[in-house]
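Everything on this sheet refers to the single structure shown next.
The values are calculated or read from the model by the stated rules, or taken from the named source; none is laboratory data. Because the structure is predicted, anything quoted here is derived from the model rather than measured. Here the Cβ is made from the backbone with ideal geometry for all residues, glycine too, and neighbour counts use every protein chain on show.
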Amino acid sequence: MSEIKDVLILAIESSCDETAASVVKNGREVLSNVISSQIALHTLYGGVVPEIASRKHIEKINQVIQAALSEANVALGDIDAIGVTYGPGLVGALLVGVAEAKAIAYAAKKPLVGVHHIEGHIAANFIEHKELEPPFLCLVVSGGHTHLVCVKDYGEFEIIGKTRDDAAGEAFDKVARAIGLGYPGGPKIDKVSKEGNPQAIAFPRAHVEDAPYDFSFSGVKSAVLNYLNGCQMKGATWNQADVAASFQKAVTDVLVENAMHAVEEYGLKKFAIAGGVASNSALRSAMKQACEEREIDFYYPSPIFCTDNAAMIGVAAYYEYKKGTRHGWDLNAVPNLKLGER
């Protein structure tokens, strides 16, 4: 009987401000995960500057890929396919990764597999939870997305809820800037909230009338700004930690409530979170408690696999590769690519 051959994917991720490469074996085992972050650079500007991000990707991408192959102790000849994020994201940043992946795939005569960035975030849960298999529900919360997704099968998704305006991570960044914490907002609000009282200020929890699984965070963001302006006009002081904690609680309550409503309606006993905001400690603990109360299995990736990384892209690429997904040399960056689109 012939042995089943291991499948090795070289994955590239450059959708925003992380240049990342990874080698993933059989869709579940990460042999290397190299990330070159640009956070320090963009902090100077209070957010990601697309043009600077693209230039940095060009500078770093070759050495990051080299480091990923070297760390995994494999040669390019050992790789079965090249996986790459082709959307959504910043168009210039995406183009660097896509052009690199196409060049490597062409030169090394390897199949090219384009991956949706959000599919990557969802797939991050497979790395540390070997037992997790579809179907399950997943809440994707990041700087650009807030999606409630029914994962029907590998690479098969139904979006059942999404934000109508700001993504959760976007709201975190804007509020962090307003209360003087700076960029990146998510981790800073998470940290300072631990010293604050989440019940100190009653910020609104928005519910979308005709869509019980949808989200809206522009109202709570505006409420924070109005509160700060009100204090300023009255000459009153406000507590940074209390504002951060109360805002975080308002966002977390809505995320948990909508997610649990969906879990109950869909009758699924498995629930996962993914994306940069999924590393928020308040959100994790609230979700964990809500799932335990309902006897639902709760999954979440380690923080390193929540923020942008190539390992998650390698996992998603593996399942797409097994399904027969292949892209041609006309693969292009699609900055507003919808989940489920090809």
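Structure above, values below:
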item	result
Residue match in region 215-222 (condition: surrounded by fewer than 16 Cβ atoms within 10 Å (Cβ to Cβ) and assigned to a loop (DSSP other than H, G, I, E, B))	no
Close pairs from region 290-312: first of a type in the set (A, V, I, L, M), partner part of a loop (DSSP other than H, G, I, E, B) and surrounded by fewer than 15 Cβ atoms within 10 Å (Cβ to Cβ), Cβ under 7 Å, at least 6 apart	I296/K269
Flag if K288 is closer than 28 Å to S22 by Cα and in the same structural domain as G186 (by TED's automatic domain parsing)	no
Filter result (in contact with a helix residue (DSSP H, G or I) (Cβ under 8 Å, 6 or more places away or on another chain), β-branched (V, I, T) and farther than 15 Å from G97 by Cα) within region 296-313	I296, T307
Selection status of E59, out of contact with any Gly (no Cβ under 7 Å at 6 or more places or on another chain), over 22 Å from E119 (Cα atoms), of a type in the set (D, E) and at pLDDT below 95	yes
Every residue from region 182-197 that is at pLDDT 90 or above, part of a loop (DSSP other than H, G, I, E, B) and surrounded by fewer than 20 Cβ atoms within 10 Å (Cβ to Cβ)	K194, E195, N197
Failed item, numbered, when A272 is tested on (1) crowded, with 20+ Cβ neighbours inside 10 Å; (2) under 30 Å from K152 (Cβ atoms); (3) at pLDDT below 95	(3)
Residues being under 19 Å from the mean Cα position of the chain (by Cα) and either in a helix (DSSP H, G or I) or acidic (D, E) (or both) - total across region 99-123	7
Output for region 13-46, where each listed residue is at pLDDT 85 or above and assigned to a loop (DSSP other than H, G, I, E, B)	S14, S15, C16, N26, G27, R28
Condition check for N73: in contact with a Leu (Cβ under 8 Å, 6 or more places away or on another chain), at positive phi, at pLDDT 95 or above and surrounded by fewer than 23 Cβ atoms within 10 Å (Cβ to Cβ)	yes
